[in-house]
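Where a number appears in this text, it was derived from the coordinates with a stated rule and is not lab data. Here the structure is a predicted model, which means the values were calculated and not measured. In this analysis, Cβ positions are derived from the backbone assuming ideal geometry, glycine residues included, and neighbour counts consider all displayed protein chains.
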Amino acid sequence: MEVLVLQLMKEAFEAQDYAETVSLAEAEFNIDPVNETALSCCLKSLFILKHENAAIGTYQKFVAEYKKYTGEDYPHPFSLYWS
């Protein structure tokens with residue numbers, strides 16, 4: 001299931017269907033809350049859609065989940081994705 005969601009998400013991103021990319025990334029987070037590919041596609045899509053508040057919220061939630069699952073701080077800043 002996860003492989004299919006990731007594949008569909010990447011295809012949506014490449015097809016410039018950014019709203020669908022965000023939806024699929026959110027589905028992936030339900031399967032794997034710390035999937036960095038989903039984070040990257042989601043934040044880049046939100047950037048293109050000009051949804052800064054949603055991107056900040058998504059990043060903050062991801063960082064909290066990352067800390068919970070790994071015990072470590074997420075090493076990549078928001079600015080890496082938001083440009």
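Numerical summary
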quantity: Of all residues making up the stretch 39-53, the number that are in a helix (DSSP H, G or I) and in contact (Cβ under 8 Å) with a residue 24 or more places away in the chain; calculated: 10
quantity: Pair list, Cβ under 6 Å, 6 or more apart: the stretch 1-18 residue free of Cβ contacts under 8 Å to residues at least 40 places away in the same chain and surrounded by 11 or more Cβ atoms within 10 Å (Cβ to Cβ), other residue part of a helix (DSSP H, G or I) and of a type in the set (D, E, K, R); calculated: V5/E28; A12/E20
quantity: Among (1) surrounded by 14 or more Cβ atoms within 10 Å (Cβ to Cβ); (2) over 13 Å from the mean Cα position of the chain (by Cα); (3) not polar (S, T, N, Q) - the single one W82 does not satisfy; calculated: (2)
quantity: Odd one out for P33 among (1) assigned to a loop (DSSP other than H, G, I, E, B); (2) buried (at least 18 other Cβ atoms within 10 Å of the Cβ); calculated: (2)
quantity: Total residues in the stretch 60-77, condition without any contact (Cβ under 8 Å) to a residue 24 or more places away in the chain, more than 11 Å from E36 (Cβ to Cβ) and among the aromatic types (F, W, Y); calculated: 0
quantity: Number of positions in the stretch 44-74 that are exposed (fewer than 15 other Cβ atoms within 10 Å of the Cβ) and under 26 Å from E14 (Cα atoms); calculated: 9
